1. For the stretch 111-161, just list the percent of Cα-Cα distances falling in each 10 Å bin from zero outward, please.
2. Just from its helices, what would the mean residue ellipticity at 222 nm be for the chain, if runs of 4 or more DSSP H residues each count -39500 (n - 2.57) and the sum is divided by every residue, rounded to the nearest 500 deg cm²/dmol?
3. What's the FRET efficiency of S102 with D130 using the Cβ-Cβ distance as r and R₀ = 35 Å, to the nearest 0.05?
4. With a cut-off of 8 Å between alpha carbons and a minimum separation of six or more residues, what is the relative contact order of the stretch 77-157 in percent?
5. Semi-axes, largest first, in whole Å: what does sqrt of 5 times each Cα gyration tensor eigenvalue give for the stretch 33-85?
6. Can you list which of the chymotrypsin sites (Phe, Trp or Tyr not before Pro) found in the stretch 1-99 are DSSP loop residues with at most 14 other C-beta atoms within 10 Å?
7. Which value, in debye to the nearest 20, describes the size of the charge dipole of the stretch 7-65 about its Cα centre when Lys and Arg Cβ atoms bear +1, Asp and Glu Cβ atoms bear -1, and nothing else is charged?
8. How are the C-alpha pair distances of the stretch 77-157 spread across 10 Å bins, as whole percents from the shortest bin up?
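Every read-out reported here was derived from the displayed coordinates using simple, explicitly stated rules and does not represent laboratory data. On a predicted model such as this, the values are computed, not experimentally measured, just so you know. Cβ placement follows ideal geometry from the backbone for every residue including glycine, while neighbour counts extend to all protein chains displayed.
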Amino acid sequence: MPTQIPCLWFDGKAEEAARHYTSIFPNSSIGTITRYGPGMPGPMAEGDVLTVDFTLDGRPWTALNGGPLFTFSEAVSFQIVCADQEEADHYWNRLTEGGEESMCGWLKDRFGVSWQVFPEELLALTTDPDPGRAQRATQAMLRMRRIDIAEIRRAADSVPV
């Protein structure tokens, strides 16, 4: 399969966003930064950042300063499936700095990009072969903002009365 590279459209904050994301994820770095040249069309001035190539945990991304025409929405989000609660809390805490929490492990970071952050165990609990257990886990998740996997596990394991 060809390489797929997410390209995030910003209004003047591409480099700031790339630096923020690379400070959060391991094995991450800033790559090539291109700048608006003389006479280039677009919302930015000559010398301003046009694109930033960066990697997040070894995967390529691009940030583009394209101006105010397009903005982010929850219609697109990036899932961070974490090994455990500690790892999920790390990403949740860093990505919500200056951003906002939503429901069921979703958040918007300070740039408006949507993320879903959860321990991988969540998938097993909410798709458990026992439909009652899966439903209890799902109902617990639906009441949460930040995913608390211990609470979801307790709900899944609870005995209905």
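1. Here the calculated profile for the stretch 111-161 is 28, 51, 16, 5, 0.
2. Only helices count here, giving -9000 deg cm²/dmol.
3. Values: r = 28 Å, r/R0 = 0.81.
Here the calculated transfer efficiency is 0.80.
4. 30
5. Numbers: eigenvalues 176, 48, 8 Å².
Result for the stretch 33-85: semi-axes of 30, 16, 6 Å.
6. On the way: sites: W9, F10, Y21, Y36, F54, W61, F70, F72, F78, Y91, W92; in loops: Y36, F70, F72.
Passing sites in the stretch 1-99 are F70.
7. On the way: 4 positive and 7 negative charges, 23 e Å.
The dipole of the stretch 7-65 has a size of about 120 debye.
8. 21, 50, 24, 5
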